[in-house]
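J.: I have a structure I would like to understand better, so I am pasting it below and will then ask my questions one at a time.
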Amino acid sequence: MKIVLISGSTRGDSVNTAVLATVRHILEGLPGEHESVLLPVGELPFYEAELEAADGSAVVRAAKELVTGADALFISTPSYNGEMPGALKNALDWLSRAQGERPSPLTGKVTAVTSASPGVRGALDAQTGLIGVLGRCGARVVEHEPVAVARAGALAVEDGRYTDPELVARLESLTRSLLAGVAEAGERAGVLV
């Protein structure tokens, strides 16, 4: 199973990237084969219709191919004034576009959403807008109680990932919901995942 990890932050030491490193570690410990790949949203150019009409750029084509070939997405976002950051919205704008006769890479894609910030709300307010955009793009966001990592900068990190047992358990629960969503989607489509 291939899962694309998307951090809404472009910072190298981002708490959201640490959340995704934790998810990657969780996936490694679960039964089955799971490949996880990070999609760096900061490398995508600003969405522009003329650039898209000219077949985008190599990095856009690579991002679309990556997401198209994935079984699921796992997105972690910060909150910028109560919404997802522009870099993440820009990536979703690119990924929402149909590819000729093929639907957009986001269509039907099983997706888990979480958020993290140094603040007390853990960027929870950004999840609503992100989930709304994903729904309008045709993604299937898994149902799960919100996981928002509050005071993320104060939590223990080892090898770039969080080690707090309560947080790891919450992220594992969300990860298991994502995997169950992929299995359910595969069953509906008659595909063994």
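J.: What's the ranking of 148-160, 104-116 by average number of surrounding C-beta atoms within 10 Å, highest first? Provide the component values of the computation, followed by the final result.
T.: Values: 148-160: 15.6, 104-116: 24.0.
Top of the packing list down: 104-116, 148-160.
J.: Sticking with this structure for a sec: Suppose R0 equals 30 Å. What FRET efficiency, 1/(1 + (r/R0)^6) with r the Cβ-Cβ distance, do Ala180 and Arg136 give to the nearest 0.05? Please report the intermediate quantities before stating the final value.
T.: Numbers: r = 24 Å, r/R0 = 0.79.
With R0 = 30 Å, the Cβ-Cβ based efficiency is 0.80.
J.: Over all Cα pairs of the chain, how is the pair count split among 10 Å bins, expressed in % and running from 0 up to the last occupied bin?
T.: That works out to 9, 39, 37, 14, 1, in percent per bin.
J.: Give the relative contact order (percent, whole number) for the chain; include only Cα pairs under 8 Å separated by 6+ residues. Before the final figure, lay out each step's value.
T.: Numbers: 353 pairs, mean separation 46.2, N = 193.
Answer for the chain is 24 percent.
J.: For Lys2, go through the lysines and keep the ones whose alpha-carbon is under 22 Å away, minus same-chain ones fewer than eight residues off.
T.: The qualifying lysines are Lys64, Lys109.
J.: Shifting gears a bit: Within the range 1-97, list the chymotrypsin sites (Phe, Trp or Tyr not before Pro) lying in a DSSP loop whose Cβ has at most 10 other Cβ atoms in a 10 Å radius.
T.: The qualifying sites are Phe46.
J.: How long is the gain from Arg121 to Asp164 if the chain were fully straight, where each residue apart is worth 0.36 nm and the alpha carbon distance is subtracted?
T.: Numbers: separation 43, 0.36 × 43 = 15.48 nm, distance 1.73 nm.
Difference between extended and current length: 13.7 nm.
J.: Given the range 1-95 reduced to its alpha-carbon atoms as identical point scatterers, what log10 I(q)/I(0) does the Debye formula return at q = 0.10, 0.13, 0.16, 0.23 Å⁻¹?
T.: -0.28, -0.46, -0.68, -1.19
J.: Tell me, what is the per residue accessible area of the chain in Å², probe radius 1.4 Å?
T.: 49 Å²
J.: So for each of 139-145, 49-55 I average, over its residues, the number of other beta carbons within 10 Å; can you give me the resulting order with the highest mean first? Show your work: numbers first, answer last.
T.: Values: 139-145: 17.1, 49-55: 9.9.
Listed from highest to lowest mean packing, they are 139-145, 49-55.
The values are calculated or read from the model by the stated rules, or taken from the named source; none is laboratory data. Just so it is clear, the model here is predicted, and its values are computed rather than measured. With ideal geometry, Cβ positions are generated from the backbone for all residues, glycine too; neighbour counts draw on all protein chains shown. To get the accessible areas, we keep the full protein, side chains included, count just its heavy atoms, and leave off ligands, DNA and RNA. Shrake-Rupley method; radii C 1.70, N 1.55, O 1.52, S 1.80 Å.
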